[in-house]
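Written out below as structure tokens is the structure these notes cover.
Read the figures in this text as sums done on the coordinates, not as results from a lab. Model, not experiment: these values are computed from the prediction. As a convention, Cβ positions derive from the backbone with ideal geometry for all residues, glycine included, and neighbour counts pool all protein chains shown.
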Amino acid sequence: MNSIDLDITSENQVRNVEKQLTSNEISEWLHQGSGFKWSCPETQSLLVFGYGSLVWLPKFAFHNREVGYVHGFVRRFWQGNISHRGVPGSPGRVVTLVPDDKGVTWGVTFHLKGKKQIEAALRHLVTREMINGGYEMRTAKFYGHRTYDILTFVAMPDNAHYLGPAPVETVAATIVNSRGRSGHNLEYIFNLIDTLRREAPQGVDNHLTSLEE
């Protein structure tokens, strides 16, 4: 059955069986430390929004993926990276979300279902985005086939890797001259642009366009 076609009664029945994790429950899981002893019930679900490398390279199992957008943010290459797209002393640049009242950022939301899938994805994301990347967990509204509460990861200005705004020429030069263990920084931006152009052609991103030019 397609979830988009569910009537109100059926949708309520689904929600009674499958409850989406709250940000407080996820925070409780994170605070368990490296042992990850918190156990997720089988009936839980979690939605994770990706707007950077997660768009084309999630590296975790998921139930399905959905293209859509979040309001109130713009995508910017303001976060430094010294592992995957740069090295210590010469960081590459990767994207983060920056608050903007009129902003719209297109990306992909991954629907995770059940204990095994959720816990495996969170383990991966905590290491990838928070421990190695310097990002923090945030929640937002995602607009796709329906409106969802989603989890995403945002680099705040006070994190150690934050580079912040710079002229387009400076950002572009950093990307052209940076490489990390996952490859060249150019690969990152080209994969992001190509995937969004293919899957979300309606989503205009002036920042990406200016860098591509």
Q: Read phi for every residue in segment 102-111 and hand back ³J(HN,Hα) as whole Hz from Karplus 6.51 cos²θ - 1.76 cosθ + 1.60, θ = phi - 60°, with x for Gly and Pro.
A: 9, x, 9, 10, 8, x, 10, 9, 9, 8
Q. Using the count of nearby Cβ atoms within 10 Å as a rough guide to exposure, how do Thr109, Thr127 rank from fewest to most?
A. Thr127, Thr109
Q) Contour minus end-to-end for Val104 and Glu199, with contour as 0.36 nm per residue of separation and end-to-end as the Cα-Cα distance? A) 32.6 nm
(Q) On a 21 Å Cα-Cα criterion, which of the cross-link pairs Lys59/Lys116; Lys102/Lys141; Lys59/Lys141; Lys115/Lys141 come out too long? (A) Lys59/Lys141; Lys115/Lys141
Q) Restricting attention to segment 140-206, which trypsin sites (Lys or Arg not before Pro) occupy a DSSP loop and are surrounded by at most 14 other Cβ atoms within 10 Å? A) Arg146, Arg181
(Q) Using amide H atoms built in the peptide plane, which far-off residues or other-chain residues are under 5 Å from Tyr135 H to H? (A) Met130
Q.
Going by amide H atoms built from the backbone, whose H comes under 5 Å of the H on Val74, apart from near neighbours?
A. Val98, Asp100
**Q.** Total formal charge among the other residues, if their Cβ is under 12 angstrom from that of Val108, Lys/Arg +1 and Asp/Glu -1
**A.** 0
Q. Under the Karplus relation 6.51 cos²θ - 1.76 cosθ + 1.60, θ = phi - 60°, what is the ordered set of whole-Hz ³J(HN,Hα) values for segment 91-99, x standing for Gly and Pro?
A. x, x, 10, 10, 8, 9, 9, 10, x
Q) What are the ³J(HN,Hα) values, in whole Hz, obtained from phi via the Karplus relation 6.51 cos²θ - 1.76 cosθ + 1.60 with θ = phi - 60°, for each residue of segment 134-148 in sequence order, with x given for Gly and Pro? A) x, 8, 10, 7, 9, 10, 7, 9, 10, 10, x, 5, 9, 9, 10
Q | Centroid-to-centroid separation of segment 125-151 and segment 165-200 [C-alpha atoms, Å] | A | 21 Å
